[in-house]
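For reference, the structure discussed in these notes is given below.
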Amino acid sequence: MARVPLREVALEVRDEGRGPPALLLHGFPTSNRLWDGVVPLLCASGLRCIAPDLAGYGLSDPPADGEPRMERQARWTIELLDSLGVESALVVAHDVGSAAAEILAADFPRRARGLVVADGVYADQWAMEWVESIQQWEPEKAARLAPVLARRLRSPTLPAAAVDAMLSPYQGERGGLRLIAAARALHPRETADRLQALRAAGVPSLVLWGTEDRYLPIDSVARPLADLLRAELHLIPGGHFLPAEAPRQVAEEIVAFEKSLSD
């Protein structure tokens, strides 16, 4: 891990491997630990993996005003790439991290060599009904939030150890308050307003989805997103947190897609 200072925030960044860069963006309520099982496989396949904790998430600083909106995450991500000397990258994103990725692709298409969305968002479909209770969580009870989320996220295909790793930065009062602030900074209009720009950008794309995703349905989110991006939709056995549930399959899909960009 390395601390990368930007103008407004400092990001905790995992930067490993050599080769074409892949920028890995996690979603809510996770951290870059989401990619623990994927990064070694991508590096072994000849990719450089850049996996930041988004601002206000994980171990990265929140902005001074406490509003880590996805529009701003996209700009900070561009600044991160600049600081690392990366002109363009394969952008791989999960959950609402895909909002930052889609905004990046729409607003700065030359910086995205390709786009892989795994169980991400489409238009105003951000599964906000699952986030509402966290937005309304009483700050005085913030220390209770991470244990509650850990129980909610566990499933037969998502090991408890993976959940604990992803949520490890959010333990205690301070961690809970960060999650509450991050939840309150989620604004689906940020992608809903960019549908035409995202399609016009024409960034080569791939959409991956868990067959048992209980948060973002295949028919109402995955298929319309794939249509918008003119992308293939590949379904993988598993739930919403595919990078942690099926890391080998996800890594294989990413590597194959990256190679297709060079053909």
Length gained when the stretch A160-L261 is fully extended (0.36 nm per residue, less Cα-Cα span) = 32.8 nm
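Sort 203-214, 144-155 for me by packing, meaning the mean count of neighbouring Cβ atoms within 10 Å per residue, highest on top.
Working: 203-214: 20.8, 144-155: 16.2.
Ranking, from highest mean packing down: 203-214, 144-155.
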Please report, for the Cα atoms of segment 109-263, the Rg to one decimal and the Dmax as a whole number; what are they, in angstrom?
-> 16.9, 55
Under a point-charge model restricted to the Cβ atoms of Lys and Arg (+1) and Asp and Glu (-1), what is the dipole moment magnitude of the chain relative to its Cα centre, in debye to the nearest 20?
-> 240
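Considering Cα pairs under 8 angstrom that are at least six residues apart, work out the relative contact order of segment 111-233 and quote it in whole percent.
41
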Two pseudo-spin positions, 7 Å from Cα along C-beta at M1 and at D193, lie apart in nanometres by 3.3
Spin-label point model (7 Å from Cα, Cβ direction): what's the S220 to R248 distance in nm?
-> 3.5
Based on the mean of other Cβ atoms within 10 Å per residue, sort peptides 82-89, 215-222 so the most packed one is first.
-> 215-222, 82-89
Over all alpha-carbon pairs in segment 1-138, figure out the percentage whose distance exceeds 28 Å.
-> 11
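Could you please put L261, L59, L228 in sequence from largest to smallest accessible area, using a 1.4 Å probe?
Accessible-area ranking of L261, L59, L228, largest first: L59, L261, L228.
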If only Cα atoms are counted, what is the Rg of the chain, and what is its Dmax, in Å?
-> 16.6, 55
Probe 1.4 Å, all protein chains in place: accessible area of L235 in Å², nearest 10?
-> 80
Roughly speaking, what % of Cα-Cα pairs in segment 206-263 are separated by over 19 Å, rounded to a whole number?
-> 30
Cα→Cβ-extended label distance, 7 Å offset, between L84 and E212, nm | 3.3
Quote to one decimal, in nm, the extra length available between Q136 and E8 on full extension: 0.36 nm per residue of separation minus the C-alpha distance between them.
-> 43.4 nm
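The values are calculated or read from the model by the stated rules, or taken from the named source; none is laboratory data. For clarity, every value in this text was computed on a predicted model and none was experimentally measured. Note that each Cβ is placed from the backbone with ideal geometry, even for glycine, and that neighbours are counted across all protein chains shown. Surface areas here come from the heavy atoms of the whole protein model, side chains and all, with no ligands, DNA or RNA. Shrake-Rupley method; radii C 1.70, N 1.55, O 1.52, S 1.80 Å.
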